[in-house]
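Take a look at the structure below.
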Amino acid sequence: MRLRAIVLAACNVTLSLAMLMLMLTPTRAVAQPSPTAVLDRVRVNASRAIDFHAAAFPDTVYVGQQVTYQVAVLLSADARSRLRRDPEFRPPELRGLLSYELGTPRRVPAREYSGRQYEAHVFQRALFGIAPGRLMVPSPQLTYFLSQSSSYFSREERNVVHAESAQLVVMPLPEEGRPTDFSGAVGVLEARARFDATAARVGDPLMLTIRLEGTGNVKLLPRPTVELPWASVVAGSERVQIDSSGALVRGMKEFDFILTPTRPGAVVLPVIRYSYFNPYRAAYEWAESTPADVQVADGSLAASTGNDESTSLPLRSWQVEERRAGYDVPVGWRLGLLGVWGGAVLLAFGAWWRRHRLEHRDEISPVAVVVARVADEQDGSPGAVARDLRRTLLQQLATRLGVPPNALVVRADVERVLRRRGVTRASTREVLSVLDALAAEGFGDSMHRSSDTGSALRSHAEKAAELVAAEAVANGRVRLWRRRGASGGSTGASRTGLLFLALAVGLGAPVAHLIAQPAPASGTDVALVVREATAAYEARRYGAASERFAEVVAQRPRDVDLLVNWGAAAWSAGDTVSAVIAWQRAARLEPISADVQERLALLPPGARGGIAEVPMVPVYPLFTTASVLWVLGAAVLIVAWSRTTVSDRGLMRVSVGGALMLVAAALAVSGWWGSRALDPQGLAVVRRPEAMRVQPASDANTAGGLATGDIVRLAAVQEQWARVEHADGRFGWVPAERLSLLVPNATAR
């Protein structure tokens, strides 16, 4: 009994270990079924004249692995004799699956089910799951017509049958053992590489074609990565051939790469390693091409970009300061500029409006003419004529002198107003005597009336009106609306002073904001890291120098010196993407720096032309100069419009002020355009060669290629795809993971 217990315990332990090993062993794909596998598992319904069945083999697969979907049509002898036309097959609606027809429909020998012979026809379709999860293949439908008798003219009976639905389990690709360069290819593949010529010249294009062939959905194979130190690489066209005549879908896909050699000599194309997942072995494998060599002769169409140690780029000396980007105008600066410009316009408009009102008043008929007209129209007594003359004279004087009529009621007020408006003492006494004479004639009795006749009084009134009109206009520098005790030019001077005060406040706040730059982030000694990076660069350890410069740039993103040095180290290390990011950001912070523009000229055309071009526009100096000129022009206009008379000097001042404001507006527009052109929002850098697609799908048609370091503008983002605009104006979709934003936290417009 004890021995039996020991044996049973050992068997249990062995069985447990076997089950555990089975659970830990990766799931392997089931081999593809035979073309008639569905016939081996059907259960025929004898009540049907034509039976219809469907099945999927296998029912558990990996993403991208083929599933064979088989449909069987079984015809009895009676149905064959009554069937006069082919049945109509409606396939199931597939969601989350790609499908290909496998070969031609297969007719197999007659089979016997439940003692009854059936003629069998099998149709096959290959399905590929594109995402993990549980999927259902809906039931297909078959419609057929059977005659009711053997007569040729017999009526037909319509019948509809449905087959079984199928359940599929699509498993994700395993994480264990996944290579770092894996891009999603599934199948069993081989790789080959070839050049279109055995010799080339520096600067002349050379075509490299990489051919991937094997079993699987080759239409979805992503483009392999090709980076060569002796040539620039641009993705070209693609070609696909699918062969679905066998039990497994197979085919080939070719990728073209346009190479431009940058240095002469014998060069070698290294082995191209293309990682893929083999679902039949449940393991990641590599398809490797054989190396190829080509002889590159000297040429003058492209400059060599080899990382020669004797031609390393010089580093900038670190000034420990950050710049405010021209495209990132602070809110305080914007509000200050709006206040200065708006205030200047309002004050200038106020001066013009006052001048316009004065000119409108000058359009009133001269006092002498009005007085003469009133005198001519009066047909009454001399007293009535005198009263009307006096009232009309006072009204016209009030209008001319710019005071209300009730301010000229008292004789002393009339004298004071006339003197303050520039009328001489003699003319003032003459006007007062005329008013006294008219008052005596119109309101006095016969004993106090003047001895002057009506015509004499009228002539005296006309003379007084002419004196006031002439002398008040001649002395028009005196402000008509100034307060008692104020000087003549106080209002114009006050407005001009207000303008310059607004200019100081509007420009002073932004300047103070620029001076008070944020302190660098704590946690790392920036100066120490900069010294280490500089030492590594001088020791020709460009990779380490690039990493150290990138570390300090993350803490000081507006430091132009660090950005330029980071770009130099990355360029020397062969990191085109980091060099493009660093130099583009530096150029947008200092657009007029000559050495930064020289660094940009070293980049590939796709990284410095079109939407990637950095215009040399000093945004802040343009805005500052425009504000100063705008205020000066407004001040000149205010001074010119503060005069009540129009003179040649006044017209010249108006012309000068208008010209200054027009120049200021042109400079402001230039600054606004520069800020828009320098804005990196929505710009990204291509991290590796990639083909653009017309739709966000890997099997969509291509719209040209992208090279490493090309700058694109993000137009839209959809799931894992981004619609981009290339520097040459082309639009297309690329995987979002192939892009790096030019400035962190910058999004699509």
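The values are calculated or read from the model by the stated rules, or taken from the named source; none is laboratory data. Just so it is clear, the model here is predicted, and its values are computed rather than measured. Glycine gets a Cβ as well: all are built from the backbone with ideal geometry, and neighbour counts include every protein chain shown. Ligands, DNA and RNA are excluded from the accessible area calculation, which covers all protein heavy atoms including side chains. Shrake-Rupley method; radii C 1.70, N 1.55, O 1.52, S 1.80 Å.
Pairs linking a residue in the range 229-247 that is on the phi < 0 side of the Ramachandran plot to a residue that is open to solvent by 60 Å² or more (accessible area, probe 1.4 Å) and aliphatic (A, V, I, L, M), with Cβ atoms under 7 Å and 6 or more positions apart or on different chains, are Val234/Ile258; Gly236/Ile258.
Which of the residues that make up the range 427-448 are open to solvent by 60 Å² or more (accessible area, probe 1.4 Å) and without any contact (Cβ under 8 Å) to a residue 24 or more places away in the chain? It would help to see each step written out before you state the result.
Within the range 427-448, the first condition is being open to solvent by 60 Å² or more (accessible area, probe 1.4 Å), and the residues that meet it are 429, 436, 443, 445-448.
Listed by number, the residues that qualify are Arg429, Asp445, Ser446, Met447, His448.
Selection over the range 577-606 of residues that are assigned to a helix (DSSP H, G or I) and touching a Leu at 6+ places or on another chain (Cβ under 8 Å) gives a count of 13.
Scanning the range 172-206 for residues that are open to solvent by 60 Å² or more (accessible area, probe 1.4 Å) and at pLDDT 90 or above yields a count of 7.
Return the total of residues in the range 268-280 being surrounded by fewer than 20 Cβ atoms within 10 Å (Cβ to Cβ) and touching a Pro at 6+ places or on another chain (Cβ under 9 Å).
Filtering the range 268-280 down to residues surrounded by fewer than 20 Cβ atoms within 10 Å (Cβ to Cβ) leaves 268, 270-271, 273, 275, 280.
Right, trim to touching a Pro at 6+ places or on another chain (Cβ under 9 Å) and you get 268, 270-271, 273, 275.
Residues meeting the conditions: 5.
Highlighted here are the strands (runs of 3 or more DSSP E) found entirely within the range 59-166 that include at least 1 residues which are polar (S, T, N, Q) and closer than 30 Å to Ser698 by Cβ: 60-62, 66-76, 97-101, 116-129. For the range 406-418, a residue qualifies if it is exposed (fewer than 13 other Cβ atoms within 10 Å of the Cβ) and of a type outside the set (A, V, I, L, M), and the qualifying residues are Asn406, Arg411.
Every residue, every condition in (1) among the acidic types (Asp, Glu); (2) modelled with pLDDT under 85, yes or no:
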residue: His513; (1), (2): no, yes
residue: Ala516; (1), (2): no, yes
residue: Pro520; (1), (2): no, yes
residue: Gly523; (1), (2): no, yes
residue: Val529; (1), (2): no, no
residue: Ala545; (1), (2): no, no
residue: Arg548; (1), (2): no, no
residue: Asp561; (1), (2): yes, no
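Scanning the range 91-105 for residues that are surrounded by 12 or more Cβ atoms within 10 Å (Cβ to Cβ) and farther than 22 Å from Gly216 by Cβ yields a total of 3. Within the range 653-691, the set of residues being surrounded by 21 or more Cβ atoms within 10 Å (Cβ to Cβ) and aliphatic (A, V, I, L, M) comprises Met661, Ala664, Leu683, Ala684, Val685, Val686, Ala691. Annotation: of all residues in the range 206-236 being in a strand (DSSP E or B) and in contact with a Gly (Cβ under 8 Å, 6 or more places away or on another chain), the one that is nearest to Ala266 (Cα to Cα) is Met207. The single condition among (1) free of Cβ contacts under 8 Å to residues at least 24 places away in the same chain; (2) among the aliphatic types (A, V, I, L, M); (3) in a loop (DSSP other than H, G, I, E, B) that Leu173 does not satisfy is (1). Which of the residues belonging to the range 607-633 are among the charged types (D, E, K, R) and either surrounded by fewer than 16 Cβ atoms within 10 Å (Cβ to Cβ) or assigned to a helix (DSSP H, G or I) (or both)? Selection gives Glu613 alone.
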